[in-house]
Amino acid sequence: MSAFVKDDAVVLHARPYGDVDAIVALFARSHGRISVYGRGVRSSKRQSAPPLAPLYEVRLELARKSGDLFSARAVDLVNAHAALQTDLVRLGAANVVVEIVREMYQEGQSDPLVYARLCDTLRALERGVPLEVLDDFEHELLAALGYQQEEEGADPLARFRQRTEIFGRVIGTQRGRDLPARAFLLSVAR
């Protein structure tokens, strides 16, 4: 196993692995999109379980375990974005943001500017900034990935629907999956 290095990350997703463990998808400042083996993160009996729930911003020490999988130690919670838990629409918008990053970036693919924008967007949603911050995030992400931008001044709902189609096409060619949180927000916007 290689030496541990410090990095900051946002938890994108956690999928169960066994009874109490999980494979956690992170988007880290330096390492980009990575998967971390989270030993005991789902255990209700373990009080010292690392804070690796979706949307959490964490500071951790990483080491490559095998292949694309990392192990982590000294996981410290930076921001749990607790205020998002009380507003379903903002929680949905935050989930759209992390879902898009999780689906658009492959394992090991990094982008420090997108990481910074991801953190800024989550914090803005938590502070109650208007939901246009989601529009700004998507616009910047599509520009960073080299996709054509829609016309300025277009109806926000029309832009949202157009981006849903773009993300669907891109992700459909990569993983053949939809973005459920995005579909939820689109249904709320109607």
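For the range 35-62, the set of residues classified as at pLDDT 85 or above and farther than 12 Å from residue 21 by Cα consists of 35, 54, 55, 56, 57, 58, 59, 60, 61, 62, listed by residue number. Every test in (1) surrounded by fewer than 18 Cβ atoms within 10 Å (Cβ to Cβ); (2) out of contact with any strand residue (DSSP E or B) (no Cβ under 8 Å at 6 or more places or on another chain) is passed by residue 134 save one, and that test is (1). Scoring residue 121 on the criteria (1) at pLDDT 75 or above; (2) over 15 Å from residue 81 (Cα atoms); (3) of a type outside the set (Lys, Arg); (4) out of contact with any Ser or Thr (no Cβ under 6 Å at 6 or more places or on another chain) leaves a single failure, condition (2). When restricted to residues that are outside any loop (DSSP other than H, G, I, E, B), of a type outside the set (S, T, N, Q) and in contact with a strand residue (DSSP E or B) (Cβ under 8 Å, 6 or more places away or on another chain), the range 66-85 contains 9. Residues satisfying the criterion are present in the range 118-126 (criterion: touching a Leu at 6+ places or on another chain (Cβ under 7 Å) and either of a type in the set (Asp, Glu) or surrounded by fewer than 20 Cβ atoms within 10 Å (Cβ to Cβ) (or both)).
Taking the listed residues 133, 188, 170, the one that is hydrophobic (A, V, I, L, M, F, W, C) and modelled with pLDDT of 80 or more is 133, with no other qualifying. One residue stands out in the range 14-32 among those that are in contact with a Lys or Arg (Cβ under 7 Å, 6 or more places away or on another chain) and at pLDDT 90 or above: the one that is nearest to residue 112 (Cα to Cα), namely 27.
The values are calculated or read from the model by the stated rules, or taken from the named source; none is laboratory data. Everything numeric here is computed off the predicted structure, so don't read it as measured data. Neighbour counts run over all protein chains shown; Cβ positions are idealised from the backbone, glycine included.
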